[in-house]
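Engineer: Sharing a structure, written as structure tokens. Questions coming.
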Amino acid sequence: MPYPFAVTSNYPESRRVVITGAGIITSMGLGWRENVDGFRAGRLAFRPVTLFDTSGQRVSQAGELTLPIGLPENALTARQISRLDRATRMLIHAGTEAWADAGWSDRERAEPIPLCLGTSAGAMELGESYFRQASQHPETRHGQAVRAVNYQTHRQAIHLANALDFTGPVTIIANACASGANAIGHATSLIRRGENQRAFAGGYDALAKLVFAGFDSLQALTPHVPPRPFDAHRDGLALGEGAAMLALESLESARARGAEILAEVVGYGASTDSHHLTQPHPEGDAALRAMSEACRGAGLRPDQIDYLNSHGTGTPLNDVAEGRAIQRWAGTDVEKIRVSSTKASIGHLLGGAGAVEAVIALMALRENFLPPTTTVETPDEVCTFDLVREPRDAEVRNVLTNSFGFGGANATLIFSEFEETRAVTIPFEDTKTAIGKIRISGWGAVTPAGWGMASLVEAIESPESLAEPEIFTREGRESRPLLVRRVPRPTEKLPFLRDPRLRRASPIARFSVGAALEAIGEARLEAVKSGEIRLGVVYAYVNGCVNYSSRFYGEALRDPALASPILFPETVYNAPASHLSSLLGCHAINYTIVGDSSQFLSAMEIAARWLEENRCDGVIVVGGEEFDWLCAEAYQLFGSETVYAEGAAALYLERGGEAGVSLDSLIGPELYTNAHPRGDLIRRVAEKAETQQGKVADSTLFTRASRDDADEEAAWADFKGKRVNLGRLLGEGMGAAIAWQCAAAADLVDRSGKPAVVSAVGENEQAGVVILTANGRE
Amino acid sequence: MSEENPDSLQHRIKSVMIDELMLQETPEEIADDEPLFGPEGLGLDSVDALQLVVALEKNFSLKIPDAEAAKGVLTNVNTIAEAIERSGR
């Protein structure tokens, strides 16, 4: 990697992103001050787990935190507060501190503030209690609907927004251990692009039995807590829990309100390691790419980084791969690089780690100290850098933090002390491409109608060709029968299903690979593999890998010692995206986003952003879902006629070009709030679409509702054109639903030359609209 | 491949492996002395090894105490069969 870079000095203030508030809660303590004091002293914060029974496990300690009984003052009702899970409570603690630190008031609240969160387990506590009751007392439905609703990852974001009384688009990135860093990077990009003045970003994860048993089954946990990252005899990680939030805003905005600037976000790099689902590339190739990309954006050389907060899990493979990456990145300067892993003090916070360690790095910068890794006895020979083993005071101007996740999602953030003038490179062409310049040049689908677009088109044209829903009854239970539409077995041999990466993969991963391979096509796949196309992947869903999750949790409850290690890695939200990236040859950026099914629009928006930022040349956007009795029963709680469906669809997006379909407009997804109730919001986004210069008039409308939805019907009452309702046709596809609509719409636009409109109404709190037009045929 | 006795210990081990490791092969396609790990054999990895340890305990009450012992036992189907026989089941 060539250093130094050419730099540009006159970066506009509206595009510089600064941190004006930070909040944190970990096992080290509640809030900035307690954590600074603990990390400065190199204190260790582990104790025996009290949240669940660990008697059947190899390990019984973790960085369990002491959650205060009450919450800081907030706008939630007592009833709402009584229903909050542990993870959300942590999130509200960290969020309230960051918000107050920034000094945001009603004036800032008046504008939408995007909320970007990273998590890996979300409200797993509620999912687990839902599962226990559903499997042990299926006849008792009391409380299940509340658990099912609040388990949805989106709900935790909404609770935080309601607690602080603000609104804005929500993006939840579930990139395993890189999630929190990706969320901060994503929020930075929103401001840097000039779309928002402010964003609220961070990450959280609470300890949960399923995750604890999972890591234990993989023998990834050290039986000798505290863990010893970078020690020659390290033998695993310890889990921890917590949350951290950052208030981010443009320099222009921070100056205008006279806010104290804590630091500037100067670099963000992200890459994909497709070596193995649970093991990093031994030479740290993807780690090196993430660090180099962040440095390039920051215009900083490695020797200018005063403190590097490593991912440093304490597992044999991670630390040596990361150490190799640091050596390669720093070159002859490696001895000067001061590195530590704070996981030695508080454990690995998974989806919360990236955000919590970003705040710890910020502490080092603000308070001029290096948090140590005190548990090392014999440093591994990979430690040719300056491993910080004792607390040290130091002048710290630039900090770098690494987060390398399960499934190969890698992210690096760099923060710098604020300086009036800053010479930075712009890592991407600084021209805002209109959404309309984005082409959809390929699409594919796996649905209950079959594998491939042809079977979906046939089902739309001749609905009678589709088989009746099957009636599913849970084995050994007298529960009400469920109506289900499963993806049929492929009628022809699909060679990719025999790929070793997919052998153990969950159904959802297979569906999405099928859809993505169809969307990308053979010629482009070759170009990706030869390095001609840098490919990104965005995956969106609501529930994810529920099938393996419920099997694994069932096993862990029966006997944790016999829970299947083969299942656990496949339960992680980003496992399908990881398989997909590996099979397609994606080494650039990949995100898995979870939440409301209208997140598929957010996924397209993220893809468009990456293309504009020149992070990649093409992006596969996938939405998917798989059948599991657990989720199907949960949906039945809200309407017994719901047909639960599974499958996936994918779009291939690129910038410019002659072929295909134009992504003409993306409206929303916008969030329902008290001020904008559901019906109003759906009508509003529909009206925005209808004012798009008559494009809607001659189009086909793809509606979403899988059962009666008066709000959606009312919003589109005046629409005169042809309508297609895939929800009624195929069933409730959740994360796949809007992806199916978009793939079918793209196909129709391509064949007919006429526009199509997709009404994307989420089941939780969001709605939006997509308009597709024929490229060059307007 | 020759017909196998479905009651043989080797055959039962292969059935358990196919089931628990989600293998695409049939028992007949796996040779008794075929290496389990590495590109020359079945191509299993470290996650499969952990699963196999759990599966052998669950199905054959074979306890494999540590990674060192696992290396010896999990070489091929024959070595697994020998370990089960040694454990007296």
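The values are calculated or read from the model by the stated rules, or taken from the named source; none is laboratory data. Just so it is clear, the structure is predicted and the values come from calculations on it, not from any experiment. Glycine gets a Cβ as well: all are built from the backbone with ideal geometry, and neighbour counts include every protein chain shown. Surface accessibility is based on the protein's heavy atoms, side chains included, excluding ligands, DNA and RNA. Shrake-Rupley method; radii C 1.70, N 1.55, O 1.52, S 1.80 Å.
Engineer: Taking residue A:285, is it of a type in the set (Asp, Glu), open to solvent by 10 Å² or more (accessible area, probe 1.4 Å) and within 23 Å of the chain's Cα centre (by Cα)?
Structural biologist: Values: of a type in the set (Asp, Glu): yes; open to solvent by 10 Å² or more (accessible area, probe 1.4 Å): yes; within 23 Å of the chain's Cα centre (by Cα): yes.
Taking the combined requirement at face value, the residue satisfies it.
Engineer: Is it true that residue A:754 is within 19 Å of residue A:663 (Cβ to Cβ), in the same structural domain as residue A:444 (by TED's automatic domain parsing), modelled with pLDDT of 90 or more and surrounded by fewer than 19 Cβ atoms within 10 Å (Cβ to Cβ)? Can you show your working first?
Structural biologist: On the way: within 19 Å of residue A:663 (Cβ to Cβ): yes; in the same structural domain as residue A:444 (by TED's automatic domain parsing): yes; modelled with pLDDT of 90 or more: yes; surrounded by fewer than 19 Cβ atoms within 10 Å (Cβ to Cβ): yes.
Against the criterion (within 19 Å of residue A:663 (Cβ to Cβ), in the same structural domain as residue A:444 (by TED's automatic domain parsing), modelled with pLDDT of 90 or more and surrounded by fewer than 19 Cβ atoms within 10 Å (Cβ to Cβ)), residue A:754 qualifies.
Engineer: Which one of the conditions (1) within 26 Å of the chain's Cα centre (by Cα); (2) more than 30 Å from residue A:106 (Cβ to Cβ); (3) away from every other protein chain (no Cβ under 14 Å); (4) not in a loop (DSSP other than H, G, I, E, B) does residue A:243 fail to meet, given that it meets all the rest?
Structural biologist: Going through (1) within 26 Å of the chain's Cα centre (by Cα); (2) more than 30 Å from residue A:106 (Cβ to Cβ); (3) away from every other protein chain (no Cβ under 14 Å); (4) not in a loop (DSSP other than H, G, I, E, B) one by one, residue A:243 breaks only (2).
Engineer: Take the residues of segment B:35-89 that are basic (Lys, Arg) and within 14 Å of chain A (Cβ to nearest Cβ): which is most open to solvent (accessible area, probe 1.4 Å)?
Structural biologist: B:63
Engineer: For segment A:132-164, what are the residues that are of a type in the set (Gly, Ala, Ser) and surrounded by fewer than 17 Cβ atoms within 10 Å (Cβ to Cβ)?
Structural biologist: Listed by number, the residues that qualify are A:135, A:143, A:145.
Engineer: Test residue A:210 against the criterion of being among the hydrophobic types (A, V, I, L, M, F, W, C), crowded, with 18+ Cβ neighbours inside 10 Å, touching a helix residue (DSSP H, G or I) at 6+ places or on another chain (Cβ under 7 Å) and at pLDDT below 95, and give yes or no.
Structural biologist: yes
Engineer: Of all residues in segment A:393-423, which are assigned to a strand (DSSP E or B) and touching a Lys or Arg at 6+ places or on another chain (Cβ under 8 Å)?
Structural biologist: Those that are assigned to a strand (DSSP E or B) and touching a Lys or Arg at 6+ places or on another chain (Cβ under 8 Å): A:410, A:416.
Engineer: Same structure again: Quick check: is even one residue across segment A:190-199 touching a residue at least 12 places away in the same chain (Cβ under 8 Å), surrounded by fewer than 24 Cβ atoms within 10 Å (Cβ to Cβ), farther than 21 Å from residue A:76 by Cα and among the β-branched types (Val, Ile, Thr)?
Structural biologist: no
Engineer: Shifting gears a bit: Restricting attention to segment A:728-746, report how many residues are farther than 16 Å from residue A:601 by Cβ and either out of contact with any Pro (no Cβ under 8 Å at 6 or more places or on another chain) or open to solvent by 50 Å² or more (accessible area, probe 1.4 Å) (or both).
Structural biologist: 2
Engineer: Filter segment A:535-586 down to the residues that are within 14 Å of chain B (Cβ to nearest Cβ), open to solvent by less than 10 Å² (accessible area, probe 1.4 Å) and of a type in the set (S, T, N, Q) and list them by number.
Structural biologist: If the condition is that a residue be within 14 Å of chain B (Cβ to nearest Cβ), open to solvent by less than 10 Å² (accessible area, probe 1.4 Å) and of a type in the set (S, T, N, Q), then A:564, A:578 are the ones that fit.
Engineer: While we're on this one: Check whether at least one residue in segment A:286-305 is in a strand (DSSP E or B) and modelled with pLDDT of 95 or more, and report yes or no.
Structural biologist: no
Engineer: Restricting to segment A:440-484, give me the number of residues that are under 30 Å from residue A:611 (Cα atoms) and either at pLDDT below 95 or assigned to a strand (DSSP E or B) (or both).
Structural biologist: Number satisfying all stated conditions: 9.
Engineer: Assigned by TED's automatic domain parsing to the domain that holds residue A:624, surrounded by fewer than 24 Cβ atoms within 10 Å (Cβ to Cβ), among the hydroxyl-bearing types (Ser, Thr, Tyr) and without any contact (Cβ under 8 Å) to a residue 24 or more places away in the chain, is that true of residue A:530?
Structural biologist: Values: assigned by TED's automatic domain parsing to the domain that holds residue A:624: yes; surrounded by fewer than 24 Cβ atoms within 10 Å (Cβ to Cβ): yes; among the hydroxyl-bearing types (Ser, Thr, Tyr): yes; without any contact (Cβ under 8 Å) to a residue 24 or more places away in the chain: yes.
Yes.
Engineer: Tally time: how many residues in segment A:485-513 are assigned to a loop (DSSP other than H, G, I, E, B), over 26 Å from the mean Cα position of the chain (by Cα) and within 12 Å of chain B (Cβ to nearest Cβ)?
Structural biologist: 1
Engineer: For segment A:560-570, does any single residue satisfy the condition of being closer than 30 Å to residue A:672 by Cβ and in contact with a helix residue (DSSP H, G or I) (Cβ under 8 Å, 6 or more places away or on another chain)?
Structural biologist: Step one: filter segment A:560-570 for residues closer than 30 Å to residue A:672 by Cβ, giving none.
No - not one qualifying residue is present in segment A:560-570.
Engineer: Further question: So, residue B:23, is that one within 11 Å of chain A (Cβ to nearest Cβ) and within 23 Å of residue A:552 (Cβ to Cβ) or not?
Structural biologist: yes
Engineer: Go through segment A:643-668 and report how many residues are within 18 Å of residue A:762 (Cβ to Cβ) and modelled with pLDDT under 85.
Structural biologist: Going through segment A:643-668 one residue at a time, the tally reaches 1.
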